[in-house]
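K.L.:
The structure follows.
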Amino acid sequence: MLAYRHAFHAGNHADVLKHLVLIQVLQYMNRKDKPYWMIDTHAGAGGYALHDAAAQKKAEYAQGIARLWTRTDAPAAVADYLGAIREFNPAGRSGAGDGGQAPLIYYPGSPAIEQRLLRPQDRLWLFELHPSDHRPLDASFGAQRGVQVRCADGFVALRSLLPPQVRRGVVLLDPSYELKTDYAALRNALADALERFATGTYLVWYPVLQRRESHLLPQQLRRIARGVDWLDARMQVAAPDPSGFGLLGSGMFVINPPWTLHETLRATLPWLTRALAQFEGAHFLLEQQAR
């Protein structure tokens, strides 16, 4: 089972894939001057100190961001991702750390990455229901211009925001999947969102687990997205533990993806899978439906 608090998993291999894709999508959105809304339905605490007890409990970042931190041969999309994470570890600008890089002490959550990439004309909506995560989230972002932080169920709140007034938007749906009901809640929220705002870009993170619900979810997402463009990028980098549990990998299912994203990931995923592989059977999948 996964832990509900994302601090236990900060910077792991799933965060690497999720944030790499998020950065590519937001960079593409920024090519046009027109404003857009960024909606994060499960924002978490917003950022994580990797020396804290929660992050150190399993030290999952050691098999994620830490494996990439000093690499100098990264493809362009990975270099973009590493550059964004280094902005939150500013000691690196003085050349400190191994290989002249910053010591890795802090990992930004999705809200920090989103807030850094959005422009003055854009708007950021952050939802987090867990009180222990909402408090630091609100403290970090609640007073920021153009940012709205709410202690609410992001799936429910999404209904009131779509379609966005500016008619451009990106939605990140990133639940914990701790409860089996999360899967149905995600599917219902996504189907409803597409009815309200069919041209929006939706980023769905999902876990690769030894669980029936996890196996079925990618195909269910494809059925929901029937009739629109989608892209499915998935990595499995770990084998099941002896009890059959553990996070084996993760995927990003993107509805209405940037036209550049498939080629970017085609050039990136082979390298990234090798870099993060924890067993010989590590592999990736990249599929799309483009009209």
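Please treat every number below as a calculation from the coordinates, not as lab data. Since this is a predicted model, take the numbers as computed values, not measurements. So basically every Cβ, Gly included, is an ideal-geometry build from the backbone, and we count neighbours across all protein chains shown.
K.L.:
How high is the relative contact order of the chain, given as a whole-number percent (alpha carbon pairs under 8 Å, six or more residues apart)?
P.N.:
Numbers: 538 pairs, mean separation 63.5, N = 291.
That works out to 22 percent.
K.L.:
Count the DSSP beta bridges whose two residues both fall in the chain, then state the antiparallel fraction as a percent rounded to the nearest 5.
P.N.:
Values: 24 of 40 bridges.
DSSP beta bridges in the chain are roughly 60 percent antiparallel.
K.L.:
Sticking with this one: Averaging over every viewing direction, what projected area does the convex hull of the Cα atoms of segment 6-289 cover, in nm²?
P.N.:
Details: hull surface 57.3 nm².
It is 14.3 nm².
K.L.:
Just order 275-282, 217-224, 250-257, 165-172 by mean Cβ neighbour count inside 10 Å, highest at the front, would you? Walk me through the numbers on the way to the answer.
P.N.:
Values: 275-282: 15.0, 217-224: 16.6, 250-257: 24.2, 165-172: 19.2.
Packing proxy ranking, top to bottom: 250-257, 165-172, 217-224, 275-282.
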